[in-house]
Each structure stands twice: as structure tokens, then as C-alpha cells.
Amino acid sequence: LENAPLNRLYRHHLAVSLRHSGRLLEAEAELRKVLEIDGRYTLALGTLGALCAQQGRFLEGLKLTESAYTIDPSAPLGGQLAALLLNTGATSRGVSLIDSIKSGSACAASVGLVLFHALLGQFAEAAHYAERAIEERYPPFIATTRPLLISTPQWAALARRMNLPA
């Protein structure tokens, strides 16, 4: 970052690392720096949306996630968006979106379903889809889902499956 302070990806990786180490305020500040550089950077929008949701700030998380999903309608963002829609009272839209992810063959649909269930506090269901995501070897699985699952009873078994410390 010293050599490339405007590099969005480097800043995003730093924010993800901060989030994983539990330094949520610093992670949020770094994500906001990324969005100052590029307000349409989907990785930062989606991660900040998830971070807000993780802290119970569902309306703010919804706004950020909706912006990211408009740019990149991927299954992981769709699952996150569906959960935030349900958490903020837009039930029919959230159910419709998650049903389309469940019935489709989108890449990383299982990760979208992990995010959906984890953000709704349905950790057994999230772990079920995490098992599938692990089998699919979706590269950003850990970065995307670990902060939401690490404090659950299911995390130890998932971590063992990936040869990670629980």
C-alpha cells in the first residue's frame, strides 16, 4: 500500500484481514477508503454490506449490498441481499431472490446460501451449504463466510474439513 495507495484490491485485502482478526472498526474504515477511491467497487461494497449486517446495521448493509448486486448479480451477493431484504421486511422480494438462487445453477450458489442462512442466524443450514461450498472449492469461500460462522458451533467441523485450525 505504501507503493500503491490507490490500489483497491490491496486495500480490500487489508480490510478483509482486519475483519478476520476482529478489528471491525478498522476494517470498515479501510473499506470506506476503497469506496472513496471507487464508489462502484463491488468487492468493497459487498464486504462492507456484510460487515454492517454482521453488526446488526441491516438497512445500511442492504443499501451497500444492493449497490454491489446491481453491478455484479452473483449468487454470493444475491444470498447476502436476500437475507438483508428479509431482515428489513422486504420478505417477498427476499424469498423470490433466494428461491431463484436455490433453483438455478449459478456459480457459487452454495456460498450465496451460506451467507443467506448465516445472516438470518440459521447456522445449521449455513453449515449444510458450507459443506457443499467446500466440496466445490470456491476460492473466496473462507474470506466470504468465516467472519459469520467462526463463532458458531459448526465452525470447528468446517475448519477441520479444510485443514484449518478451529
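The values are calculated or read from the model by the stated rules, or taken from the named source; none is laboratory data. What you see is a predicted model; the values in this text were computed from it and never measured. Please note: Cβ atoms are built from the backbone with ideal geometry, for glycine as well, and neighbour counts cover all protein chains shown. When the accessible area is computed, the model is the full protein with side chains, heavy atoms only, and any ligands, DNA or RNA have been set aside. Shrake-Rupley method; radii C 1.70, N 1.55, O 1.52, S 1.80 Å.
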Check every one of the helices (runs of 4 or more DSSP H) wholly within the range 62-140 and list those with 2 or more residues that are open to solvent by less than 10 Å² (accessible area, probe 1.4 Å) and closer than 21 Å to LEU31 by Cβ. 75-87, 109-119
Among the residues in the range 111-118, are any β-branched (Val, Ile, Thr) and within 18 Å of ILE142 (Cα to Cα)? yes
Could you check the range 141-166 and list, in sequence order, the residues that are loosely packed, with under 15 Cβ neighbours inside 10 Å and either touching a Phe, Trp or Tyr at 6+ places or on another chain (Cβ under 7 Å) or on the phi > 0 side of the Ramachandran plot (or both)? ASN163, ALA166
Pairs with Cβ under 8 Å, 6+ apart, first in the range 2-15 and under 12 Å from THR47 (Cβ atoms), second modelled with pLDDT under 95 and surrounded by fewer than 14 Cβ atoms within 10 Å (Cβ to Cβ): ARG11/LEU1; LEU14/LEU1
Which number in (1) among the small types (Gly, Ala, Ser); (2) assigned to a helix (DSSP H, G or I); (3) open to solvent by 40 Å² or more (accessible area, probe 1.4 Å) marks the one condition that GLY22 misses? (2)
Which members of the range 135-151 meet the condition of being within 15 Å of HIS20 (Cβ to Cβ) and not aliphatic (A, V, I, L, M)? PRO140, PHE141, THR144, THR145, ARG146, PRO147, SER151
Out of the residues in the range 30-59 that are open to solvent by 50 Å² or more (accessible area, probe 1.4 Å) and part of a helix (DSSP H, G or I), which is nearest to PHE141 (Cα to Cα)? LEU43
Between ARG146, ARG160, which is more than 17 Å from GLN54 (Cα to Cα) and assigned to a helix (DSSP H, G or I)? ARG160
Result of the Cβ filter at 9 Å on the range 55-78, keeping first residues that are more than 13 Å from GLY39 (Cα to Cα) and partners that are open to solvent by less than 30 Å² (accessible area, probe 1.4 Å) and in a loop (DSSP other than H, G, I, E, B), at least 6 apart or interchain, is SER74/ALA108; ALA75/ALA108; PRO76/ALA108
